[in-house]
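Undergrad: One structure coming up, written as structure tokens, with questions to follow.
The values are calculated or read from the model by the stated rules, or taken from the named source; none is laboratory data. The shown structure was predicted, so the numbers you read here are calculated from the model rather than taken from an experiment. Every residue, glycine among them, receives a Cβ derived from its backbone with ideal geometry; neighbour counts consider all protein chains shown.
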Amino acid sequence: MPSITRRTFIETCAALAAAPAARPSAVPDIHFPAAPRDRLAVASYPFRNFMDRPSHPGLKLTDFASMVVEKFGIHNIEPLSGHFPSTEPGYLEELRRAVEQAHSHIVNIPASVGASLYDPDPERRDKAIAGGKKWVDVAVAIGSPSIRVHIQGARGAPPDVGRTAESLKQVAEYGAAKSIVINLENDDLVSEDAFFLVKAIDAVNSPWLRGLPDFGNSMMKGDEDFNYKAVEAMFRHAYNISHAKDSEVENGKVFRVSMARTFEIAKAAGYRGYFSMEWEGQGGPYEGTQTLLDESLKDLQDSGPASLPH
């Protein structure tokens, strides 16, 4: 072994000091699977009435991945933030180990952040921003590549693109530093209108802030044409996650969507990410989720791979 002189040691230290520090990737770089079944995930939200909680013992989140493998043969899950009994490091390590032992992956965390990102009160906005950053840290701890930030309404204040973008910019920058994608979902028809979200995403203009297209939420407006235009707009801004469903139920009324048509919209947009089953129809979540999986596999196989790079 060659000897290290004092001069060599000093020169080596100087070179290391001058070298640029390792930086996070400038853009997300998730390597998506190509096989249709491997692109499917199961969300915990449809199973909310079966999940364990203090007043109702049930399915533990640490057992959710293994249940999904056993019941559906799917190895991707999307756990809702409300189903986490704790975000303490010890519990997050336990959850991560349980998912790994099921040979599964977490593909996204739909998260509520505790306040509105466009609230006129800066202290409330700061609370929402802090909530978003907290769930970024959770995502890092359990190996999720992304979170979905819920934009809740602010009492007495209409949605505001400027304030929303200003808040999201801070969350997206924090996510970028941790290599975690921030997603926005067309969920609430007012505070999360698809076209409002697109404006906010465009205003932030970060590859780490993306759309999460939900197949059916925009149908709740009762306008089929609006729903598909909303889904198209969301898929043009999507990266790694979307919510697949064939219907929504509101006050006893069923709103149905064409999954085949929506998968074609995703393909046309060049979307290569995951489709998470978020059953919201009539019946039960086990049967409903299986129906969604069967239809999704058929539609993905019929449509073939996305033809555009994304």
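Undergrad: Go through Asn227, Asn240, Asn217, Asn186 for me and flag whichever is under 24 Å from Asp299 (Cβ atoms), in contact with a Phe, Trp or Tyr (Cβ under 7 Å, 6 or more places away or on another chain) and at pLDDT 95 or above. Steps first, answer last, please.
TA: Details: Asn227 fails: in contact with a Phe, Trp or Tyr (Cβ under 7 Å, 6 or more places away or on another chain); Asn217 fails: in contact with a Phe, Trp or Tyr (Cβ under 7 Å, 6 or more places away or on another chain); Asn186 fails: in contact with a Phe, Trp or Tyr (Cβ under 7 Å, 6 or more places away or on another chain).
Residue meeting the stated conditions: Asn240.
Undergrad: Here's a follow-up. Hey, can you tell me all the residues within the range 231-250 that are among the hydrophobic types (A, V, I, L, M, F, W, C) and over 13 Å from Ala194 (Cβ atoms)?
TA: Once the filter is applied, which keeps residues that are among the hydrophobic types (A, V, I, L, M, F, W, C) and over 13 Å from Ala194 (Cβ atoms), the range 231-250 yields Ile241, Ala244, Val249.
Undergrad: Can you name every residue in the range 146-170 that is surrounded by 24 or more Cβ atoms within 10 Å (Cβ to Cβ) and either farther than 25 Å from Ile77 by Cβ or small (Gly, Ala, Ser) (or both)?
TA: Ser146, Thr164, Ser167, Leu168
Undergrad: What pairs come up if the first residue lies in the range 216-240 and is within 14 Å of Ile265 (Cβ to Cβ), the second is assigned to a loop (DSSP other than H, G, I, E, B) and among the polar types (S, T, N, Q), and their beta carbons are under 8 Å apart, counting only those six or more places apart or on different chains?
TA: Ser218/Asn186; Ala230/Asn186; Val231/Asn186; Met234/Asn186
Undergrad: For the subset of the range 62-84 comprising residues that are out of contact with any Leu (no Cβ under 7 Å at 6 or more places or on another chain) and assigned to a loop (DSSP other than H, G, I, E, B), which member is nearest to Phe50 (Cα to Cα)?
TA: Selected residue: Leu80.
Undergrad: Spot the failing condition for Ser206; the list is (1) surrounded by fewer than 24 Cβ atoms within 10 Å (Cβ to Cβ); (2) touching a residue at least 40 places away in the same chain (Cβ under 8 Å); (3) among the polar types (S, T, N, Q), and only one is missed.
TA: Of (1) surrounded by fewer than 24 Cβ atoms within 10 Å (Cβ to Cβ); (2) touching a residue at least 40 places away in the same chain (Cβ under 8 Å); (3) among the polar types (S, T, N, Q), only one is false for Ser206: (2).
This table checks each residue for (1) among the hydroxyl-bearing types (Ser, Thr, Tyr); (2) surrounded by 16 or more Cβ atoms within 10 Å (Cβ to Cβ); (3) touching a Pro at 6+ places or on another chain (Cβ under 9 Å); (4) farther than 27 Å from Trp208 by Cα.
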| residue | (1), (2), (3), (4) |
| --- | --- |
| Ala230 | no, yes, yes, no |
| Ala233 | no, yes, yes, no |
| Phe255 | no, yes, no, yes |
| Thr262 | yes, yes, yes, no |
| Ile265 | no, yes, yes, no |
| Glu280 | no, yes, yes, yes |
| Gly288 | no, yes, yes, yes |
| Glu295 | no, yes, no, yes |
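Undergrad: Go through (1) of a type in the set (Gly, Ala, Ser); (2) assigned to a loop (DSSP other than H, G, I, E, B); (3) under 27 Å from Ile30 (Cβ atoms) one by one and return the number of the condition Ala165 breaks.
TA: Only one criterion is unmet by Ala165, namely (2).
Undergrad: Let me ask something else about it. Checking Leu92 against (1) part of a helix (DSSP H, G or I); (2) buried (at least 23 other Cβ atoms within 10 Å of the Cβ); (3) not acidic (Asp, Glu), which test does it fail?
TA: Evaluating Leu92 over (1) part of a helix (DSSP H, G or I); (2) buried (at least 23 other Cβ atoms within 10 Å of the Cβ); (3) not acidic (Asp, Glu) leaves (2) as the failure.
Undergrad: Then there is this: Answer yes or no: is there a residue in the range 249-270 that is closer than 19 Å to Glu78 by Cα and either in contact (Cβ under 8 Å) with a residue 24 or more places away in the chain or among the polar types (S, T, N, Q) (or both).
TA: no
Undergrad: Okay, next question. Answer yes or no: is there a residue in the range 171-186 that is buried (at least 20 other Cβ atoms within 10 Å of the Cβ), over 16 Å from Arg210 (Cβ atoms) and either without any contact (Cβ under 8 Å) to a residue 24 or more places away in the chain or in contact with a helix residue (DSSP H, G or I) (Cβ under 7 Å, 6 or more places away or on another chain) (or both).
TA: Checked the range 171-186: no residue is buried (at least 20 other Cβ atoms within 10 Å of the Cβ), over 16 Å from Arg210 (Cβ atoms) and either without any contact (Cβ under 8 Å) to a residue 24 or more places away in the chain or in contact with a helix residue (DSSP H, G or I) (Cβ under 7 Å, 6 or more places away or on another chain) (or both).
Undergrad: Go through the range 1-60 and report how many residues are of a type in the set (Gly, Ala, Ser), assigned to a loop (DSSP other than H, G, I, E, B), touching a Pro at 6+ places or on another chain (Cβ under 9 Å) and at pLDDT 95 or above.
TA: Residues flagged as of a type in the set (Gly, Ala, Ser), assigned to a loop (DSSP other than H, G, I, E, B), touching a Pro at 6+ places or on another chain (Cβ under 9 Å) and at pLDDT 95 or above within the range 1-60 amount to 2.
Undergrad: Which of (1) assigned to a loop (DSSP other than H, G, I, E, B); (2) touching a strand residue (DSSP E or B) at 6+ places or on another chain (Cβ under 8 Å); (3) of a type outside the set (Asp, Glu); (4) within 19 Å of Phe32 (Cα to Cα) is the odd one out, the single condition Ile147 does not satisfy?
TA: Here Ile147 clears every test but (1).
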